[in-house]
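Below you'll find the structure, written out as structure tokens, and then a few comments.
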Amino acid sequence: FVFVAACGLWFAFDGWIKYPKENLEGFRKELPVEEREQVADVLPYPSVTPDTLDAAREAVKGSGAAEALEKLYGGPPTHKNADGWYYFGPAYMVRIPLKNGRPTRPVTESKAAHSETDFFFQRAVAVMLAGLSLVCLWQLNRAFRTRLELSEDGLKHKGRGPIPWNSMKSLDSSRFDKKGWVDLHYDDGQERTVRLDEYHISAFDEVMAEICNRKGFANPIRSASAESRSDGTDGDVAEEDAGHASSREQQDN
């Protein structure tokens, strides 16, 4: 869980913080040194992408270039100076030169170190790992909740308890042979049942022995073993009787 969560945080940090910051720093370096602090904390325009470059070039041809550019990108330039206007996107920058204070051509572009595909990949992996972390956390919580503990206070299991020894009333092992579980019935003001599963409790034999010894219940494990031995003994006796019968027939002949 810790490893998966740490990897998810790493990818999230890159996708949402590190990569955008590095891209912005790259754009700032294209400005004069004395102007870089002016765009230290600006927010990029999501609409500044390679797909809008042709539209920007068309916009500067008309008389309403400023209005057209603001409509295209969703606001005023990220930065202005005497040489031009700059629109910063998450992974792309557009520079529009000025002539007599008006936008003109040629409109140029700059690609950042990290593309929007890089952003998407880092963020997608972060989201998937976050989901996997939740699954791991759920499994971990489930493992802790299924932990069983016996003490002088009674039984703790699956978040229940302690169930006092004197409240344990009976042990239903009718489905133990087929399903591998027994149901412990107890009374805490009303009748309740907690299921003890052989496949989920590593020390199942010891738990059954302790409960049955304290409460005088029939141990389902011993009963199953006894039935198995009984079946085996009956089979051996039958085979032995058959052998004796065969010997007697051979002697008679």
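Any read-out appearing in this document is the output of simple, stated calculations on the displayed coordinates, not a laboratory observation. Remember, it's a predicted structure, so these values are computed and weren't measured experimentally. Methodologically, a virtual Cβ is constructed for each residue, glycine included, from the backbone with ideal geometry; neighbour enumeration extends over all protein chains shown.
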Most exposed to least, judged by fewest other Cβ atoms within 10 Å, 96, 17 sort to 17, 96
Exposure proxy check on 78, 108: fewest-to-most Cβ neighbours within 10 Å is 108, 78
For residue 134 and residue 203, extending 7 Å from Cα along the Cα-Cβ vector and measuring point to point gives, in nm, a value of 3.5 nm
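Over all directions, average the projected area of the Cα convex hull of segment 1-91 and note it in nm². Each step should come with its number before you reach the end.
Details: hull surface 29.7 nm².
The orientation-averaged projected area of the Cα hull of segment 1-91 comes to 7.4 nm².
Note down the magnitude of the dipole of segment 1-65 about its Cα centre, charges +1 on Lys and Arg C-beta and -1 on Asp and Glu C-beta and zero elsewhere, to the nearest 20 debye. Mind showing how you got there, number by number?
Details: 7 positive and 11 negative charges, 19 e Å.
Computed about the Cα centre, the dipole is about 100 debye.
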Taking the alpha-carbon centre of each part, the distance from segment 169-197 to segment 43-105 in Å is 74 Å
